[in-house]
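Notes follow once the structure below has been shown.
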Amino acid sequence: MATLASGFVLFRRETPFRYLTLRNARHGDVGLPKGHLEPGEGEIEGAIRETEEETGITAVRPNDWFRRKILYRSGGGTKEVTYFAGETSAREVRLSKEHDLAEWRDLDGTLAAIRHGNLRAVVRDAAIFLKDPILRRGLSPREAKALLASRVAENVVAHTAEVAAMARLIGEGSGNPDYVEAAAWLHDIGRAVTHDDRHPLEGFRLVVALGHPGYAPPCLSHYTKGDPDPKGPRYREMSEACDLETFDEAERAIALADALAAGPRRVTLEERYEDLARRYGPSPFLERNLAICRRLKADFEAQTGKDLYALLAIR
Ligand SMILES: [Fe+2]
């Protein structure tokens, strides 16, 4: 029987995100807050208790959509540790005797400090799930376009070209227009795998597998439009892949742009959803999506003082 333990990828939502690492006082290995479960104790409960014991931090918001298990040999037995994502705004750390150094590091620093590959993979997966902005680099719009064009049919590329151009205009104020455009180029890459409602998830997985994890979340969020439906068929699967509760300006730009391109043509939201209803049949999903898009458009116009359709030369 494996000994059971649980812990957190404990992070602060700064730019970039900061992750808490603890150095073991005995052997010097750097790890995350975690420890053995007490008899009858739940995994989240144990992770919260251990985090408090090891760091003095009590204000943790656990997110159990993110759950990763690692197994390793320890003292002649096997140890199984389950990690969850845990957000905190606390900064101050009060160490126990078990550790001699606590540091809030960015993703690169965290990955460099951790020796074990399986634990590094947990942190990297958590950063993708949580949409750490540090992952939003390395791919120019031109490279993203080439990546898409090498995998999907021409009509998808034509549609995506309009989405990418519009997303760039909408996301101009986001501070990272190259990211917005490159991620927009990849939003429908899941169409290379499937044309059904799994395409957002397949796109997400494909972009991660291609080594550009920071560009994967918009594959999901263009579909949910930042308002995931807890009753939707893919909710659980998508929530496990990526944090659907957060939706930033870059994702909004891509989701809105996608809602304004019927194939390669720029159209109003109403025209787009009429087109979709003609192609797939009317559905509560489409109605819900249209309502969300109207809200996104209104939010964008209120925040920027711009007329969205005028900005994009629609009508
Ligand atoms: Fe699209």
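Read-outs throughout are calculated quantities, based only on the coordinates presented, and are distinct from any laboratory measurement. All figures in this text were calculated on a predicted structure; none of them were measured in a lab. Cβ atoms come from the backbone with ideal geometry, glycine included; neighbour counts cover every protein chain shown.
Set the Förster radius R0 to 22 Å, insert the Cβ-Cβ distance between Arg279 and Val193 as r into 1/(1 + (r/R0)^6), and round the FRET efficiency to 0.05. Display every interim value, and only then the final one.
Working: r = 20 Å, r/R0 = 0.89.
That gives a FRET efficiency of 0.65.
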Problem - Förster-model FRET efficiency, 45 Å R0, Glu143 and Ala25, C-beta, rounded to 0.05 - result: 0.50
Problem - Two-site label geometry, Lys79 and Ala310: point separation in nm, points 7 Å out along Cα→Cβ - result: 6.3
Practice task
At 7 Å along the Cα-to-beta-carbon direction for both Glu92 and Glu237, put a label point, then send me their distance in nm to one decimal.
Solution key: 4.7
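Among Ser221, Ser96, rank each residue by its count of other Cβ atoms within 10 Å, from fewest to most, as a rough exposure measure.
Working: Ser221 30, Ser96 14.
Ascending number of Cβ neighbours within 10 Å: Ser96, Ser221.
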Problem - Virtual spin-label span in nm between Arg265 and Arg294, 7 Å along Cα→Cβ - result: 2.2
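So which of Lys79/Lys131; Lys131/Lys225; Lys34/Lys97; Lys34/Lys69; Lys225/Lys297 end up more than 21 Å apart by C-alpha? Walk me through the numbers on the way to the answer.
Details: Lys79/Lys131 29 Å; Lys131/Lys225 16 Å; Lys34/Lys97 14 Å; Lys34/Lys69 12 Å; Lys225/Lys297 11 Å.
Long pairs (Cα-Cα over 21 Å): Lys79/Lys131.
For segment 137-311, take N as its residue count and report Rg(C-alpha) divided by 2.2 N^0.38 Å. Walk me through the numbers before you get to the answer.
Working: Rg = 14.7 Å, N = 175, 2.2 N^0.38 = 15.7 Å.
So the Cα radius of gyration is 0.94 times the expected 2.2 N^0.38 Å.
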Handout entry: On Cα atoms only, tilt of 43-55 relative to the major axis of the chain in degrees
Key = 60
Handout entry: Candidate aspartates and glutamates - alpha carbon under 13 Å from Lys145, same-chain residues fewer than 8 apart omitted
Key = Glu154, Glu162, Asp178, Glu181, Asp188
Fill in the blank from the handout: From DSSP H assignment alone, runs of 4+ in the chain each adding -39500 (n - 2.57), the sum over residues rounded to the nearest 500 puts [θ] at 222 nm at -13500 deg cm²/dmol
Completion exercise
About its Cα centre, segment 244-302 carries a charge dipole, from +1 on Lys and Arg Cβ atoms and -1 on Asp and Glu Cβ atoms, whose size in debye to the nearest 20 is 300
Handout entry: Euclidean distance between Cα centres, segment 106-135 to segment 171-234, Å
Key = 20
Handout entry: Karplus-derived HN-Hα couplings along segment 124-139 (A = 6.51, B = -1.76, C = 1.60, θ = phi - 60°), whole Hz, x at Gly and Pro
Key = 5, 4, 5, 5, 5, 3, 7, 6, 4, x, 5, 7, 8, 7, x, 10
